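See below for the structure under consideration.
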Amino acid sequence: MSWSALGTGIYLACSFFLFLLGMVILRENFRSRVNRTTALMLFFGGLGALFAAVGTTLARTGGLAPGSETESWYNLFYLWELFFPALLLFALVFPKETDAVRRFRLLRYAIFLPHLFHVFWVSFLSSPEKLSGWFSVEEMGPLARVLLSPFSYVLRVAALFFAVAYKFHVRFFSLVNFSYAAMAIALLFFRQASLPNPRIKSQVRLILSGLGLAMTLYTIAFILPALFGFSLSDPWLYALTIGALVIGCGAVGWAILRYQFMDVRVIFRQNLVYFLSTGLLVAVYILAAAQLGRYIRNTLGAKTPALEIGFILLALVFFQPVMEKLDDLIKRLFIRQRSDFRNLLERFSRELVSIFDLNQISARVTELLEKELFIERAVLLLAESDAGGTLVTFSSGNEVLAQSVSGEDPLLKILLSRKQPTYLEAVWPERPDEGLARLLAGVGAKVAVPILDEGRFVGILALGEKFSGFRYSPEDITLLGVLANQLSIATANARLYAETLEKQRLEEELAMARQIQQNLLPARLPSSAEYEFASYVRPSRQVGGDFYDFLWRENQLGFVLADASGKGMPAALLVSFLQATMKAEHRYARPIGEFISSINELLVAHTSPEKFVTLFYALFDPREKKLFYSNAGHNYPILVRQDGHLEFLKKGGTVVGCFEWARYESDCMPLLPGDTLIVYSDGLTDASNHDEMFGEERLIKLAAECCHLDAEGVKNRIVEAVEAFTGPVPPFDDMTLLVMKAR
Amino acid sequence: MKFKTDEKDGVVIVTPKGKILDGSDTNKMRDKIEELVRIGARRMVIDLGGVPHMDSSGIRILVAALNGLRKEGGELRLARITTKVEDLIAITQLTGQFKTHPSVEEAVRGFSSPN
């Protein structure tokens, strides 16, 4: 096999491959300029390879006689050089059109002019005779001859000039081609640096290095010899040309396979792989069969037709399984791992179930869409509706978008009613400068995918233009629809998880608050020869709105039981403020009424008017055996005399913390040994067993019965009675009981 | 506890039904009253005929309504108050603060007469 035959074969294969790639890319999206330009470039590349094949064949069969008819056809070979302007145009429009091309539309055509002219020149202006042959003044009428003869001279001079210059045209256009290629490569090089999408970036880098290498080889093979007037030997020439072609084709093919170049669909890429692998296999078969045949012929010395049949049978047996294995291998290498959208979804959903952070979900889905679907910008807008659903606030990542959208926004309503990925241009409202439309326009959205979780509006996946400038394919839209479903589940999970965490945190805080509150209660109950105390506290929640405390003033013992309105944390905060205030105010010796009034004023000043506290405050003088007290709107404490006679301590004023003008009175009672004072909060009498409440009557009756018991005994009797009454019903309100026994 | 609101002769009548205990429905009623005052209600009757019992959160509502209306120069009257509620108002020593009437009609009329 001679060098030139092998060269012709490879040229033809490359040419076929380039045409095929061009067709695939053109078919993928005919309307896109990037695709058309790429296809054009590949066509001219293919044409170059084809011409090279034809050229070597012609040269082998005896070449061309100079000046013959075929020579002018041969000149048409220069057509392939249109590859260079096509390459430059490709560099200008890939992956996005440059501003220069967008602004000066003529530029797209202008860069082809020098080469078109070149073809015209070598075809029609190569010698002065050709030109004057078309335009012969002699054959015209006398008038025309007089009028046109000066023009004819100019034409003749021009023709002469072109004919002289023709001698240098190869050299000159080699320079032009070289500068076009250099410009294209430089352009691609500088533009890829500023690309945001890593996948596009690697595409461009691959194409760039492929083209760069191919162009370098081509330059060494043809342009340098033409410029400097030396020539390379045939094998070198073939090696360089084939190298350039194979590297160029390979780069584009590889970019399609590996990086989904030009967004070529899976099916085409698979076809491409089939084509390549089949071609490879057929080549291996032919080579092996030929070599083996020759070897057998040489050893047996005879030509056996049975041998051919045997080869074909062998091929039939082995071809299919080998083909399948090869196909599997190639698919696994190039396709399975990426971009097949079922794989994509599977991978993504597996990943999503393990993410419980909304920001991470958002980041991941954005990354996936930008990288795998080649979307310039994808934003997950999470919606937060207010209680009435009248206002929707959107957030993206950690950033809450300042502008909120009315629940009645027309675009929002359309998206919610369509429930599927929607091209915004189709539903764009009349006034796109406000509401959701403005918000979506702000993030450059072209397609909006509403995300709903069982009818609840979760958010919008806002997608910008595809990098290739294509519309979204039906495959993409299906993918986005499924993605939206998965996102709704993932975001719901994330929210639940966040709520659980938050709840856990709150519970821990509450437990801590409960500890603090318990520490605020007196550690020990005071007792002396003259008196003893017993107490019971049961908050209905972790923390309560009841408290009792003891406050000394010289040798007099003050004590207070208070009940803040409400329950839980707000009530607990109110009572701790009250407790601190009372401790501070108690230091000043003054009448009890004034003391409570000052507490009231402080509470009015520092709490909202609907928050109030009922409290009973008393000051016991053990020497005088006297109890001074003031009751601020609290349940009447029961004083059980030694003989079982009951008195109620009502004197005082209204609740504390509501009315600035409230004034408090006080009373003084003798408290003799054997007397019992029972102070309690309304949680005790309001304790219920579903049907009825424990009530004051029961408490009063109980109090009268246990006048002979000590403080602890009284407390226990009451608590047991209440617990027996309510049974397993948990307390609705905080329950507090303080029993004092004088002795 | 459920409640409804009506208007009669420029008087807003709030009618709760059931026990007023601490809970979200009670908060709703308090918010509703607050909103009514904010949008201009100045004369209000709370009909307590359907409230057999209340705890301190009921007092909280009444006090909030009373203070809210007074601040705007308005007035609150209570109608058909039950014994247990009356006792609670007495215990908290708020009896003097609320004008009470045996029926809603009388309460409404009370606004026009200098009672």
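The values are calculated or read from the model by the stated rules, or taken from the named source; none is laboratory data. Predicted model, so just to flag it, every value in this text is computed and none were measured. Neighbour counts run over all protein chains shown; Cβ positions are idealised from the backbone, glycine included. Areas reflect the complete protein model, heavy atoms only, side chains present, ligands, DNA and RNA absent. Shrake-Rupley method; radii C 1.70, N 1.55, O 1.52, S 1.80 Å.
A few remarks follow.
- Residue A:583 vs. criteria at pLDDT below 90, in a helix (DSSP H, G or I) and touching a Leu at 6+ places or on another chain (Cβ under 7 Å): yes
- Subset of segment A:168-185 (residues that are in a helix (DSSP H, G or I), open to solvent by 40 Å² or more (accessible area, probe 1.4 Å) and without any contact (Cβ under 8 Å) to a residue 60 or more places away in the chain): A:170, A:171, A:172, A:175, A:178, A:179, A:182
- Those helices (runs of 4 or more DSSP H) lying entirely in segment A:345-449 with at least 1 residues on the phi > 0 side of the Ramachandran plot and touching a Phe, Trp or Tyr at 6+ places or on another chain (Cβ under 8 Å): none
- On the stretch given as segment A:414-433, residues that are surrounded by 14 or more Cβ atoms within 10 Å (Cβ to Cβ) and farther than 23 Å from residue A:474 by Cα total 2.
- Here the helices (runs of 4 or more DSSP H) wholly within segment A:191-259 that include at least 2 residues being open to solvent by less than 10 Å² (accessible area, probe 1.4 Å) and more than 24 Å from residue A:50 (Cα to Cα) are A:198-218.
- Unique match (being in a helix (DSSP H, G or I), over 38 Å from the mean Cα position of the chain (by Cα), within 22 Å of residue A:216 (Cβ to Cβ) and at pLDDT 80 or above) among A:43, A:51, A:90: A:51
- Residue in segment A:419-436 that is within 22 Å of residue A:490 (Cα to Cα), aromatic (Phe, Trp, Tyr), modelled with pLDDT of 80 or more and more than 14 Å from the chain's Cα centre (by Cα) present: no
- When the residues of segment A:627-645 are filtered to those that are open to solvent by less than 10 Å² (accessible area, probe 1.4 Å) and in a loop (DSSP other than H, G, I, E, B), the one that is nearest to residue B:71 (Cα to Cα) is A:633.
- Flag for residue A:540 being within 13 Å of chain B (Cβ to nearest Cβ), buried (at least 17 other Cβ atoms within 10 Å of the Cβ) and either among the hydroxyl-bearing types (Ser, Thr, Tyr) or touching a His at 6+ places or on another chain (Cβ under 8 Å) (or both): yes
- Selection within segment A:536-561: residues that are not hydroxyl-bearing (Ser, Thr, Tyr) and not in a strand (DSSP E or B). The member of this set that is farthest from the chain's Cα centre (by Cα) is A:555.
- With respect to the conditions (1) over 16 Å from the mean Cα position of the chain (by Cα); (2) of a type in the set (A, V, I, L, M, F, W, C); (3) open to solvent by 20 Å² or more (accessible area, probe 1.4 Å), residue A:401 lacks only one, and its number is (1).
- The residues on offer are A:484, A:490, A:564, and the sole one that is within 14 Å of chain B (Cβ to nearest Cβ), crowded, with 20+ Cβ neighbours inside 10 Å and hydrophobic (A, V, I, L, M, F, W, C) is A:564.
- Checking residue A:165 against (1) in contact (Cβ under 8 Å) with a residue 40 or more places away in the chain; (2) within 30 Å of residue A:52 (Cβ to Cβ); (3) surrounded by fewer than 17 Cβ atoms within 10 Å (Cβ to Cβ), the condition it does not meet: (1)
- Matching residues, segment A:615-647, being in contact with a strand residue (DSSP E or B) (Cβ under 8 Å, 6 or more places away or on another chain) and either among the small types (Gly, Ala, Ser) or within 10 Å of chain B (Cβ to nearest Cβ) (or both): A:618, A:630, A:631, A:632, A:633, A:634, A:635, A:636
- Exclusive hit being within 14 Å of chain A (Cβ to nearest Cβ) and either within 13 Å of the chain's Cα centre (by Cα) or over 22 Å from residue A:682 (Cα atoms) (or both), set B:13, B:33: B:33
- Those residues of segment A:690-700 which are under 19 Å from residue A:728 (Cβ atoms) and open to solvent by less than 40 Å² (accessible area, probe 1.4 Å), in sequence order: A:693, A:694
- Applying the criterion of being buried (at least 23 other Cβ atoms within 10 Å of the Cβ) and modelled with pLDDT of 90 or more to the residues of segment A:714-734, the residue that is nearest to residue B:24 (Cα to Cα) is A:722.
- When A:686, A:675, A:691 are checked against the criterion of being within 27 Å of residue A:613 (Cα to Cα), in the same structural domain as residue A:598 (by TED's automatic domain parsing) and either among the charged types (D, E, K, R) or over 60 Å from the mean Cα position of the chain (by Cα) (or both), A:686 stands alone in meeting it.
- Matching residues, segment A:727-743, being assigned to a loop (DSSP other than H, G, I, E, B) and β-branched (Val, Ile, Thr): A:729
- Only one of the numbered conditions (1) within 14 Å of chain A (Cβ to nearest Cβ); (2) farther than 22 Å from residue B:23 by Cβ; (3) among the aliphatic types (A, V, I, L, M) is violated by residue B:59, and that is (2).
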